[in-house]
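Reading through the structure tokens given below for one structure.
The values are calculated or read from the model by the stated rules, or taken from the named source; none is laboratory data. It should be emphasised that the depicted structure is a prediction, and the values quoted were computed from it without experimental measurement. Cβ placement follows ideal geometry from the backbone for every residue including glycine, while neighbour counts extend to all protein chains displayed. Side chains are part of the model used for accessible areas, which takes the heavy atoms of the whole protein and leaves out ligands, DNA and RNA. Shrake-Rupley method; radii C 1.70, N 1.55, O 1.52, S 1.80 Å.
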Amino acid sequence: MGETFAQWNLVQLAFIAVFPAYIAYIRVVNGMALVSLYVYLFVLCMPAMFIQMKLGGYNQKGIVGLLSQHLPISKGVGVALLIDLFLTCLYVAPLVCHFGMYAIISMIEQPYVWSGCDNIWNTEYCVDIHQKAQVTGINSETTYLVNGVNQKKTTPELEFFHNGYLELSNSIDNVTGFPVWNFTSQLQNVGVSLLPVTLAVLWILVFLFTAFGARVSGWILFVLGPTFVAMLLAVLGYGYNSLDSEHSNNFLLSFYNLDFKGFLQPVDTRVLVNTVSEGFDLLMNSLPVWTAIPVTLGKFTGQGKISRNLGWLLVIVTFALVIQVPQLAMAPYIGNLEAKIKDLKVLKEGSYNVTTKGMSIQLVFSTMPAAFAELEIPPVYALLFYLSLFICGFMFLCVAMLSIVDNIVDSLTTRFAKLHDRKHCCTFVTTFFLMVAVICLGLLMTTRAGFYYIILLDQSVTRLRFITVFILAVSVIIVYVKHTFSIVERILISIWCILAATATAGFWLYSFIMYLGYPLKYNGHEYSKVFDLVSWIISAIPYIAIPAAAMHSCGLYEGSCKERMKYMFCGSQEEPRDYQGYYPAPEPSAPPAYSYNTNSYGRNGSMLYPMDDIHNKNGYDPEMEPLDTRLRSSRI
């Protein structure tokens, strides 16, 4: 069983829930895609967040512990979600490192790239921006329509981020060491690559912030959340206050144009599908609705009736408020940059994508530095912009690692009684080994071929997600129906959730089918067949855990074949624990009766164990009744 007290309060949860906003920097939507995002948020995500966070708070367990107790045959779904989350952290961490390096360089010198041939980051690849305006990366791809599908071709002018900063190799096979940065005098004195060091420092910080448990981490994240929002609002305020408001407004009007083509003309389905897909991609890649995180968030916010019924709503509302703030903060800078460079063509189709279907990294790595340079923005705002992005990504890594570690520790302490009284030590050691593993695996993504592997993981992790969504939805609905919540609530929410999960899985399946035949490409390089096979193996790894964990649960349970089948589908109210000759001290079954104990009164004459109000109806919560219907008459 998890902690019996709330480790986070609702105010902390509201500020911690801003962490999904880091995706809004690199996945951009506009116009009708934004409308579709909010429709999906309230139609598809609300029931899933409600059920998962309520079950986590009520049972005080993570996703693995919850399914292990109530539906052991689906235990592997929880394990698959943990593996999926671990792989996501693996490729997000190098991106967060780049965000941090941009912030550090902003403090050292002005990060003004593409301001001419004397800029500090583009010494070797000097390009006159007034002659080749597309170098800023706003429209670094030319979009062609082939058979109703957008095909993109990278323009040759955009070379700095790949070659000047990353020193990117020409293929994924060409791993030729780490990039060494010489574009500032301070970095020239170092003489070695800082990217692996930055990755190690990042994970050490995550370790220090998470190894001491959710209570300590909650207060740290509670401070980082408002800090991120304040920094981003400062950048936003300066942009709208100091830059030309007419250019900012024109860009906003064109970017957020509500084009109803495809909605009013159903014949043109291509526009409609592309529009709704953009909003869906941003939502599902930012809000962790079908991951291992929601159940853990519910657990951390406690078992109280108010927290478990309102926590999910705070997460939804916070996401709705912050998801567009990064784009609004960048709008005045991009709008004024577009106006200053007249021949700059801005891609107004909601995608700044320069890779493949997926992340759009050039917006923050190329366009915003160009805007800071050409508009002569004070360096402090460049620092605040990249520092806000770093903090937001860092918060995601902390929350994700907290979810993974909490599930692992709960499984260990539940299974082995010797670890039950050493939970804090177990948390520390588990976090340490996870950090070592993620640093070792992440070093490959800090090499000169690193971004090829980042894109490989990004495409692989999300490829088969439609399987996880549907199986997870069915599993949590079964567990939810078994509980003693209101019968009307269980019926309505379960129906809503299964419909929402079916629609969500359908969108993921459609995306899978649409891009099934397309080869994986990045920076003009097409991945070989070997790495295509590697991508499929990575996609399948989480799903191997589903049957493996089910067989493990069946093997651990002692009994006849019939009893094992009943256990696999119905679970057990008793947590399996391997005592191995160790038995913890028994807890008292009840306080001593005051009528027979002369020492049951304190110094002030009050009873040490008052029992007169044990049946007080005002403190009675029917949802806390035991799941066994034969015991519902008991209030103790």
Practice problem: Run down Ser511, Ser486 and say which single residue is open to solvent by less than 40 Å² (accessible area, probe 1.4 Å) and within 30 Å of Pro47 (Cα to Cα). | Solution: Ser511
Practice problem: Scan the stretch 428-452 for residues that are of a type outside the set (A, V, I, L, M, F, W, C), more than 23 Å from Pro542 (Cα to Cα) and in a helix (DSSP H, G or I) and jot them down. | Solution: Thr446
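Per-residue answers, yes or no, for (1) over 16 Å from the mean Cα position of the chain (by Cα); (2) among the β-branched types (Val, Ile, Thr):
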site	(1), (2)
Ala21	no, no
Met32	yes, no
Ser36	yes, no
Phe42	yes, no
Leu67	yes, no
Ser74	yes, no
Val79	yes, yes
Quiz item: Tell me, which helices (runs of 4 or more DSSP H) wholly within the stretch 256-348 include 3 or more residues that are modelled with pLDDT under 90 and within 23 Å of Val39 (Cα to Cα)?
Solution: 269-286
Quiz item: When Leu456 is evaluated against the numbered criteria (1) in a helix (DSSP H, G or I); (2) at pLDDT below 95; (3) open to solvent by 50 Å² or more (accessible area, probe 1.4 Å); (4) not aromatic (Phe, Trp, Tyr), which criterion, by number, is the only one it fails?
Solution: (3)
Self-check item: Residues satisfying the stated conditions in the stretch 409-427, i.e. in a helix (DSSP H, G or I), of a type outside the set (Lys, Arg) and in contact (Cβ under 8 Å) with a residue 24 or more places away in the chain
Solution: Asp410, Ser411, Thr414, Ala417, His420, Asp421, His424, Thr427
Quiz item: Do we have Ile377 as surrounded by fewer than 22 Cβ atoms within 10 Å (Cβ to Cβ) and either assigned to a helix (DSSP H, G or I) or in contact (Cβ under 8 Å) with a residue 12 or more places away in the chain (or both) here?
Solution: no
Quiz item: Given the structure, is Asn241 modelled with pLDDT under 95, surrounded by 15 or more Cβ atoms within 10 Å (Cβ to Cβ) and assigned to a helix (DSSP H, G or I)?
Solution: no
Quiz item: Considering Ile26, Ile73, Ile16, Ile51, which residue is under 22 Å from Ala501 (Cβ atoms) and open to solvent by less than 10 Å² (accessible area, probe 1.4 Å)?
Solution: Ile51
Quiz item: Is there any pair with a first residue in the stretch 200-212 that is of a type in the set (S, T, N, Q) and a second that is surrounded by 20 or more Cβ atoms within 10 Å (Cβ to Cβ) whose Cβ atoms are under 7 Å apart and which are 6 or more apart or on different chains, and what are they?
Solution: Thr210/Ser217; Thr210/Cys398; Thr210/Met401; Thr210/Leu402; Thr210/Val405; Thr210/Thr431
Self-check item: Verdict on Trp536 being in a helix (DSSP H, G or I), touching a residue at least 40 places away in the same chain (Cβ under 8 Å) and exposed (fewer than 15 other Cβ atoms within 10 Å of the Cβ)
Solution: yes
Practice problem: Would you check which residues across the stretch 472-526 are closer than 23 Å to Pro72 by Cα and in contact with a Ser or Thr (Cβ under 7 Å, 6 or more places away or on another chain) and list them? | Solution: Ser475, Ile477, Tyr480, Val481
